[in-house]
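The values are calculated or read from the model by the stated rules, or taken from the named source; none is laboratory data. Treat the numbers as computed from the prediction; the structure is a model and nothing was measured. Cβ coordinates were reconstructed from backbone atoms using ideal geometry, including for glycine residues, and neighbour counts include every protein chain displayed.
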Ligand code: MN
C-alpha cells in the first residue's frame with residue numbers, strides 16, 4: 001500500500017496508519033477532524049462535505065465537522081472501518097479522485113507544522129491501570145520493601161484506580177510543578193510546599209469508542225470491539241506527595257494535577273499486523289479474564305529528556321508495550337464486570353510500561369531508584385527528578401517492513417511551582 005503523498009520510511013504516518021486528530025488553521029479557526037498522512041493532515045470535514053462518506057455514514061452528515069472525535073467514536077466499529085478503508089483508497093497512489101483534483105487537495109490538505117492541534121477527545125472518565133509487573137515490583141520494593149513488593153492480588157486482577165479526566169491535557173501544554181503535602185523522612189509533621197520529586201510515567205492509553213450499559217459487563221473476547229484506538233500518555237507523578245498520601249486509597253494529588261496525551265489516536269485496526277502474545281500469565285486468570293486471542297502489540301517506546309541548558313535531548317528509556325502483563329481486553333472486562341458502564345471518550349491508561357532491563361524502566365522513580373542513582377544526561381547535567389525547564393518527550397511506533405505505524409510524540413515542559421504566597425492568597429497573582 002502506497003500513497004500519492006510522499007511518506008518517508010521513518011515517518012510515523014504512512015497510509016497504513018492514518019491516526020485521527022483535531023486541528024484548526026489560520027484561515028479556518030474552527031476545530032475539525034483530520035487524519036495524519038506523512039507531513040500533512042487531511043481535513044475529513046471537507047471530504048465529508050463533498051460526499052465521500054455518504055454511503056458509509058449517511059447523507060448530510062457533519063460527524064467530522066466537530067471539535068472532538070466523540071461522535072465519530074460512538075458511531076461504532078463498522079463505520080470506523082468503512083471510513084478507514086475509504087481514506088486508504090482516496091490516498092492511494094493509483095486512485096485519481098483526490099490525487100488529480102487540485103482544488104480539493106488545496107482545500108483538504110494542510111502541512112502539519114502549519115496547523116494548530118487540539119485535544120482530540122472529550123474525555124469523560126480516566127482510569128489508570130498498573131499493568132507492568134516489572135513496574136509494580138520495582139515500586140513495591142521501594143515503597144514497601146522486597147517482601148511486600150507485589151501485592152497478593154496483583155497477578156489475579158488488573159489493579160487500577162479512577163484518575164482525573166479534567167486535567168488530561170494535550171501534548172505541548174506546559175506542566176506546572178504541583179504543590180502539596182509531603183512528610184520528610186524522620187520528621188514528625190508534614191510540610192506544605194512544591195513537589196521535589198516530580199516524575200513522568202511512560203504509558204499508553206486506549207480510548208473507548210462504544211461503551212456498555214450499566215450492569216451489562218463487556219466479555220473479554222468482545223472487549224476490543226469497543227476500543228476506538230490508542231494514544232501515548234505521560235502520567236505525570238509527584239512521588240514525594242504520593243509517598244505520604246497514598247495509603248490506604250491510592251494516589252490523589254500526586255497524580256491529579258496533569259496527564260498529557262499525544263494529539264493522534266491510532267486506530268486499533270492499524271495495529272493488527274503487530275499483534276503479539278503478552279507475557280505468560282501464571283497463575284491462570286479467572287474465567288472472566290481468560291482471553292482466547294493474543295492481546296498485546298509490539299510497540300517500541302522511547303523517552304527523551306532535555307534540560308534547559310542542553311542543546312539536544314538525551315534518550316533515557318527504551319521500552320516496549322509488550323512488557324505489559326494485562327491486556328486492554330482484560331482491563332475492559334475487569335472494569336465492567338461489577339456493573340460499571342464505560343462511555344465514549346473514556347481513557348484507560350496502561351500504567352507505567354517498564355520492562356526487565358534497566359533501560360526499559362518507564363519512570364525516573366525506577367531509573368534513578370528513588371533518587372539514589374542519578375542518571376547522567378551529559379557531562380554537566382544529571383537528574384534524580386525532573387527540574388524546572390526540563391522538556392520530556394515520549395514517542396513510540398510499530399516497525400513494519402519499510403514503514404512505521406507511529407504514535408507521534410507527547411511533550412511537556414516543566415514550569416516552576418506557583419509562588420507559595422500566591423497559592424495561599426496572601427499576595428495577588430500578578431500574572432492574572
Ligand atoms: Mn500512572
- [ ] Looking only at segment 314-322, decide whether some residue is within 17 Å of the chain's Cα centre (by Cα), touching a residue at least 12 places away in the same chain (Cβ under 8 Å), surrounded by 19 or more Cβ atoms within 10 Å (Cβ to Cβ) and assigned to a strand (DSSP E or B).
- [x] yes
Open item on the list: On the basis of being in contact with a helix residue (DSSP H, G or I) (Cβ under 7 Å, 6 or more places away or on another chain), within 24 Å of residue 32 (Cβ to Cβ), away from the ligand (no atom under 16 Å from the Cβ) and part of a helix (DSSP H, G or I), does residue 121 make the cut?
Closed with: no
- [ ] Identify the residue in segment 295-312 that is surrounded by fewer than 16 Cβ atoms within 10 Å (Cβ to Cβ) and touching a strand residue (DSSP E or B) at 6+ places or on another chain (Cβ under 9 Å) and, among all such residues, is farthest from residue 389 (Cα to Cα).
- [x] 298
- [ ] Go through the residues of segment 301-315 one by one and say whether even a single one is in contact with a helix residue (DSSP H, G or I) (Cβ under 8 Å, 6 or more places away or on another chain), away from the ligand (no atom under 16 Å from the Cβ) and assigned by TED's automatic domain parsing to the domain that holds residue 153.
- [x] no
Open item on the list: Restricting to segment 404-423, name every residue that is part of a helix (DSSP H, G or I), touching a residue at least 40 places away in the same chain (Cβ under 8 Å) and more than 15 Å from residue 196 (Cα to Cα).
Closed with: 423
Task: segment 182-217: number of residues that are assigned to a loop (DSSP other than H, G, I, E, B), within 16 Å of the ligand (Cβ to nearest atom) and buried (at least 24 other Cβ atoms within 10 Å of the Cβ) - done: 3
- [ ] Could you grab me the full set of residues in segment 385-403 that are closer than 18 Å to residue 318 by Cα and either out of contact with any helix residue (DSSP H, G or I) (no Cβ under 9 Å at 6 or more places or on another chain) or free of Cβ contacts under 8 Å to residues at least 60 places away in the same chain (or both)?
- [x] 391, 392, 393, 394, 395, 397
- [ ] Could you look through segment 323-351, keep only residues that are in a helix (DSSP H, G or I) and within 16 Å of the ligand (Cβ to nearest atom), and pick out the one that is farthest from the chain's Cα centre (by Cα)?
- [x] 335
- [ ] Would you be able to tell me the number of residues in segment 252-269 that are in contact with a strand residue (DSSP E or B) (Cβ under 7 Å, 6 or more places away or on another chain) and either more than 30 Å from residue 36 (Cα to Cα) or not in a loop (DSSP other than H, G, I, E, B) (or both)?
- [x] 10
Open item on the list: Looking for something more than 24 Å from the chain's Cα centre (by Cα) and over 25 Å from residue 404 (Cα atoms) - is there at least one such residue anywhere in segment 300-308?
Closed with: yes
Open item on the list: Considering only residues that are part of a loop (DSSP other than H, G, I, E, B), in contact with a helix residue (DSSP H, G or I) (Cβ under 7 Å, 6 or more places away or on another chain) and within 16 Å of the ligand (Cβ to nearest atom), which ones fall in segment 356-384?
Closed with: 361, 362
Task: Matching option when the condition is under 30 Å from residue 318 (Cα atoms) and free of Cβ contacts under 8 Å to residues at least 40 places away in the same chain, among 61, 166 - done: 166
